[in-house]
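Okay, structure first, notes after.
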Amino acid sequence: VLEDLLNQYEDNEDEQTLEMIKELANETHLPLDLKALRRELYKTKRRLIPYGLHIMDRQPSKEETIDYLLGVLRIDREYPSILKLLAKQRGLDWEIIKDTKKGDEIEKIAKDTIEAIVNGISPQGLPNGYVTFIRNIVRNLNETCESYNLLRALEGEYILPARGGDPIRDPEVYPSGRAMYAFDPRLIPTVIAEIRGHKAAELIVKSYLDQHGRYPESVGIVLWGFETMKTGGDTIATILSLLGVRLKHKKSPWFKELEIIPLEELNRPRIDVVITICGIFRDTFGTHIDLLNRAIEMVARLDEPPEKNFIRKHYLQQRDKLKDFALARIFGPSPTEYATSMRTLVESSSWNDEEDLVESYDDSMSYAYLKGGIVRNEQAFSTALEHVDIVTQERDNTEYEVTDLDHYYEFLGGLSRTVQDKKGEKAEVLVIDSTEEDVTVEDLKIAIERATRTRTLNPRWIDGMLKHDFHGAKKIKDRVEYLLGFAATTGKVENWIFDEVADRLIFDEEMRKRLQLNNPYATMRIAELLVEAERRGYWKTEKEKLEKLQDIILGMEGTVE
């Protein structure tokens with residue numbers, strides 16, 4: 001960047017350019033004298049080239065920049081989605097046309113608009129500050145300092161820090177080459193998280209209302225630490241929105257004030273919540289646990305009709321029995337643990353029935369996180385779960401489907417099955433999908449089926465896994481194990497899924513041989529998991545098929561021995 005500015009100054013001797021050079025040189029501790037600065041840059045380049053470090057600083061092409069910007073700008077944030085803006089200018093509703101030919105035309109117009117801005121043209125009709133916002137992203141995208149800061153780091157010098165993260169969700173991760181920290185707790189929930197979290201809350205409520213003709217009284221929500229870091233706090237914003245509370249942004253981001261949304265504006269009852277957290281969230285977001293507890297107490301103590309304020313309704317019902325714990329709504333593992341013991345039972349097949357899984361989950365997650373500390377109270381946990389109508393969790397990126405991590409069936413499934421045990425009936429299980437520009441809500445059954453088709457049963461995915469000796473077949477086995485975990489905790493795994501897994505991975509002789517060659521132990525475990533699924537009643541299959549499966553297991557045992 002400095003070299004480009006020096007070249008520009010030598011061409012026109014512009015005073016503004018000179019000031020930019022001096023400012024940047026000062027920030028990077030380089031000489032302010034132009035000749036000395038030029039010599040220092042020359043020496044730096046000479047040092048970079050033998051190591052190939054100059055490759056690190058490659059700037060994206062114009063086409064790559066435009067594609068990246070379209071990804072950024074299609075998401076609502078402090079500025080609305082460019083697609084929605086352009087559609088509205090033409091009298092169209094983006095939500096209606098986005099999957100049509102008209103939607104394709106709007107996308108083309110959006111790319112042309114972005115290209116014009118990149119080329120220095122300011123199109124008409126965009127909100128004030130929109131063009132500047134885009135040009136700032138472009139400037140940061142191009143101002144890489146990767147190789148320079150790598151050399152500074154090797155010299156033990158100070159590197160300016162910046163947030164890391166998903167560059168689509170958070171373009172402020174650029175310029176690259178700076179020291180990274182995971183998140184800034186002062187900014188959580190971010191503006192974009194507040195928008196997306198509110199949308200998720202409304203979709204959850206609408207989904208239940210459309211299906212049951214009434215509002216859900218309580219929603220059980222899984223809240224993870226890494227998901228909060230990556231999204232900027234989508235789920236926290238969802239919880240606040242369900243409660244009918246919003247943040248008041250003040251000068252100091254360290255102190256978050258809460259404001260009650262009037263019922264007339266909310267236009268629905270306040271929904272109660274039961275929040276389950278993991279140990280990473282506890283250790284990372286202590287201030288946000290306090291924030292949520294403040295919001296819960298504020299809403300519970302409002303002078304409103306119980307039928308319009310479900311958290312107050314349940315608090316009034318429980319306060320004589322539970323005393324201070326009548327306000328307990330955040331539960332998680334003990335202060336020394338990070339998750340549950342339920343996964344160990346599923347992995348080892350050492351559980352007799354689903355009640356064992358419920359007991360394990362209950363034992364691990366019945367610690368109430370109140371402003372006075374962390375206290376185990378199984379009665380408070382059980383009582384809170386008795387009112388839950390919906391269990392939900394966010395899936396925030398495309399790297400993982402719900403069947404790719406055992407923690408999904410452990411937390412989402414564990415909560416679902418425990419609600420069923422405490423309440424005496426099943427709750428709806430919904431996945432908040434925020435992997436695209438639009439937040440959607442879908443039944444867990446749909447999420448599991450998509451994940452199975454695109455991963456576990458997908459020949460291309462299987463081929464990719466089997467490129468990794470031993471580990472590949474183990475990862476395939478893991479997905480089958482997680483299906484069993486979901487079947488046990490949610491009942492959302494359809495029979496055809498186990499049929500297809502058996503046909504694709506075990507009964508197909510060529511595939512079975514490939515899996516055995518990669519990892520014979522994992523292959524045998526896949527077959528054993530299928531037999532276990534049948535024995536536990538999650539898979540109905542023909543007697544002949546089961547006998548064939550058992551014969552294959554015996555054959556594999558002989559080979560392994």
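The values are calculated or read from the model by the stated rules, or taken from the named source; none is laboratory data. For clarity, every value in this text was computed on a predicted model and none was experimentally measured. Positions of Cβ are backbone-derived with ideal geometry, glycine not excepted, and every protein chain shown enters the neighbour counts. Ligands, DNA and RNA are excluded from the accessible area calculation, which covers all protein heavy atoms including side chains. Shrake-Rupley method; radii C 1.70, N 1.55, O 1.52, S 1.80 Å.
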Q | For the chain, with +1 on Lys and Arg beta carbons and -1 on Asp and Glu, the positive-most of ILE192, ILE462, LEU444 along the dipole | A | ILE192
Q. So what does log10 I(q)/I(0) come out to for segment 412-509 at q = 0.16, 0.22 Å⁻¹, using the Debye formula with one equal point on every Cα and no solvent?
A. -0.78, -1.15
Q: Grab every C-alpha pair in segment 71-145, bin the distances at 5 angstrom width from 0 up to the longest one, and report whole percents.
A: 3, 15, 26, 26, 16, 9, 3, 1, 0
Q: Report, in deg cm²/dmol and to the nearest 500, the calculated mean residue ellipticity at 222 nm for the chain, where each DSSP H run with n ≥ 4 adds -39500 (n - 2.57) and the sum is divided by the residue count.
A: -16500 deg cm²/dmol
Q: Only residues of segment 117-154 count here: report those whose backbone N is under 13 Å from the spot 7 Å along Cα→Cβ of LYS62, or say none.
A: 117-121
Q: Order the peptides 92-100, 476-484 from the highest to the lowest mean number of other Cβ atoms within 10 Å of their residues.
A: 476-484, 92-100
Q. Can you give the Rg to Rh ratio for segment 254-398, taking only C-alpha atoms and Rh from Kirkwood?
A. 1.00
Q | Ranked by how many other beta carbons lie within 10 Å on average, peptides 451-457, 56-62 from highest | A | 451-457, 56-62
Q: Please report the relative contact order for the chain, taking Cα pairs under 8 Å with a sequence separation of at least 6, and give it as a percent rounded to a whole number.
A: 9 percent
Q. Expressed in nm², what is the orientationally averaged projection area of the convex hull enclosing the Cα positions of segment 355-439?
A. 6.8 nm²
Q. Using a 1.4 Å probe, what is the accessible area per residue for the chain, in Å²?
A. 48 Å²
Q | Spin-label pair ARG376/LYS474, simplified geometry with 7 Å Cα→Cβ offset, distance in nm | A | 3.3 nm
Q) Quick one: Cα centre-to-centre distance for segment 148-179 and segment 378-452, in angstrom? A) 36 Å
Q.
On the principal axes of its Cα set, how long, how wide and how thick is segment 486-561? Give whole Å, largest value first.
A. 35, 23, 20
**Q.** D (Stokes-Einstein, µm²/s), Kirkwood Cα radius, segment 129-180, 1.567 mPa s at 4 °C
**A.** 110 µm²/s
**Q.** Rg to Rh quotient for segment 3-158, alpha carbon positions, Kirkwood Rh
**A.** 1.09
Q) If you average over every viewing direction, what projected area does the convex hull of the Cα atoms of the chain give, in nm²? A) 32.4 nm²
Q.
Positive end of the dipole of the chain, charges at C-beta (+1 Lys, Arg; -1 Asp, Glu), about the Cα centre: which of HIS471, LEU5, GLY485 has its Cα farthest in that direction?
A. LEU5
Q) Separation between the ALA179 and GLU40 pseudo-spin-labels, each 7 Å from Cα along Cα→Cβ, expressed in nm? A) 1.9 nm
Q) What share of the DSSP beta bridges in the chain is antiparallel, in percent to the nearest 5? A) 40 percent
Q: Let me know the charge dipole size of the chain about its Cα centre in debye, to the nearest 20, where only the beta-carbon of Lys, Arg (+1) and Asp, Glu (-1) is charged.
A: 800 debye
(Q) If I model a spin label at THR440 and ASN128 as a point 7 Å from the Cα along the Cα→Cβ vector, what separation in nanometres do I get? (A) 3.8 nm
Q) What GluC sites (Glu not before Pro) does segment 367-426 have in DSSP loop regions with at most 11 other beta carbons within 10 Å? A) GLU399, GLU425
Q) For the pair LYS250 and ASP14, what calculated FRET efficiency results from E = 1/(1 + (r/R0)^6), where r is the Cβ-Cβ distance and R0 = 41 Å, to the nearest 0.05? A) 0.55
Q) Rounded to the nearest 20 Debye, what is the dipole magnitude of segment 248-297 about its Cα centre when Lys and Arg each give +1 and Asp and Glu each give -1 at the C-beta? A) 180 debye
Q) Counting only protein heavy atoms, what percent of the accessible surface of segment 371-462 is carbon or sulfur at a 1.4 Å probe? A) 44 percent
Q) R0 = 22 Å: FRET efficiency of ASN7 with GLU27, Cβ-based, nearest 0.05? A) 0.70
Q) Among all the aspartates and glutamates, which ones have a C-alpha under 16 Å from LYS475's C-alpha, if same-chain residues fewer than 8 places away are not counted? A) GLU347, GLU399, GLU401, ASP404, ASP406, ASP463, GLU528
Q) Which whole-number percent gives the relative contact order of segment 218-342, counting Cα pairs below 8 Å spaced six or more residues apart? A) 29 percent
Q: Determine, at each q value in 0.14, 0.19, 0.21, 0.23 (inverse angstroms), the log₁₀ of I(q)/I(0) that the Debye formula gives when each Cα of segment 190-251 is one equal point scatterer.
A: -0.42, -0.72, -0.84, -0.95
(Q) Strictly over 18 Å apart at the Cα level, which of LYS248/LYS313; LYS84/LYS108; LYS474/LYS513; LYS230/LYS445 would you flag in this model? (A) LYS248/LYS313; LYS230/LYS445
Q. Taking only the alpha-carbon positions of segment 88-220 and ignoring solvent, what does the Debye formula give for the base-10 log of I(q)/I(0) at q = 0.19 Å⁻¹?
A. -1.20
Q | Value of Rg/Rh across segment 144-263 [Cα atoms, Kirkwood radius] | A | 1.13
Q: Tally up the carbon and sulfur contribution to the accessible surface of segment 485-549 as a whole percent, 1.4 Å probe, everything protein left in place.
A: 47 percent
(Q) Less than 11 Å from a label point 7 Å out along the Cα-to-Cβ axis of ASN458: which backbone N atoms in segment 489-506 qualify, by residue? (A) none
Q: Calculate the radius of gyration of the Cα atoms of segment 205-297 to one decimal place, then report Dmax, the largest Cα-Cα distance, as a whole number, both in Å.
A: 14.1, 43
Q. What part of the accessible area of segment 87-140, given as a whole %, is carbon or sulfur when the probe is 1.4 angstrom?
A. 50 percent
Q: Largest first and to the nearest Å, give the Cα extent of segment 288-355 along each principal axis.
A: 51, 27, 21
Q: Name the residue farthest towards the positive end of the dipole of the chain from the options ASN397, GLN550, ILE75, assuming +1 on Cβ of Lys and Arg, -1 on Cβ of Asp and Glu, about the Cα centre.
A: ILE75
Q. Based on the mean of other beta carbon atoms within 10 Å per residue, what is the order of 120-132, 22-34, most packed first?
A. 22-34, 120-132
